[in-house]
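Quick notes on the structure that follows.
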Amino acid sequence: SIKAIESSSKEDDTMWLTYWVVYGVFSIAEFFSDIFLYWFPFYYAGKCLFLLWCMAPVSWNGSQVLYRSVIRPCFLRHHQTVDNVLGNLGTKA
């Protein structure tokens, strides 16, 4: 999905691909922290509000903000390493 977002041909799917990348990162983080987070009051209500913000049809929605400020800079720093690892896995498979 990140490769599709960063490609030169932009289509309508960019907004939803961005959402799914953010949702995937959120799901991984939640998997490791859920044992602690579910003890907080209104955790699930806050999670729902967060996901609604990420899906909101506005230019400042959560998925765009988080992708541009957190995920994209991290990906751009490490994309060559990820490509090398995936290439090595492809040749071994």
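To the nearest 10 degrees, how steep is helix 13-37 against the longest Cα principal axis of the chain, on a 0 to 90 scale?
That works out to roughly 60 degrees.
Run through all the Cα pairs of the chain and give the fraction in each 5 Å bin from 0, expressed as whole percent.
Going from the shortest bin to the longest, the percentages are 2, 12, 18, 21, 18, 13, 9, 5, 2, 0.
Taking Cα atoms, how many degrees apart are the long axis of helix 43-55 and the longest axis of the chain, rounded to 10 and kept between 0 and 90?
It works out to around 50 degrees.
Using helices alone, what [θ] at 222 nm do you get for the chain, with -39,500 (n - 2.57) per DSSP H run of 4 or more residues, divided over all residues and rounded to the nearest 500?
-24000 deg cm²/dmol
Tilt of helix 72-92 relative to the longest C-alpha principal axis of the chain, in degrees (0 to 90, nearest 10)?
Helix 72-92 and the main axis of the chain meet at about 50 degrees.
Keeping the other protein chains in place, figure out the carbon and sulfur percent of the accessible area of the chain, with a 1.4 Å probe.
70
The values are calculated or read from the model by the stated rules, or taken from the named source; none is laboratory data. Bear in mind that the values here come from a model prediction, so they are computed numbers and not experimental data. The accessibility values were calculated without ligands, DNA or RNA, using every heavy atom of the protein model including side chains. Shrake-Rupley method; radii C 1.70, N 1.55, O 1.52, S 1.80 Å.
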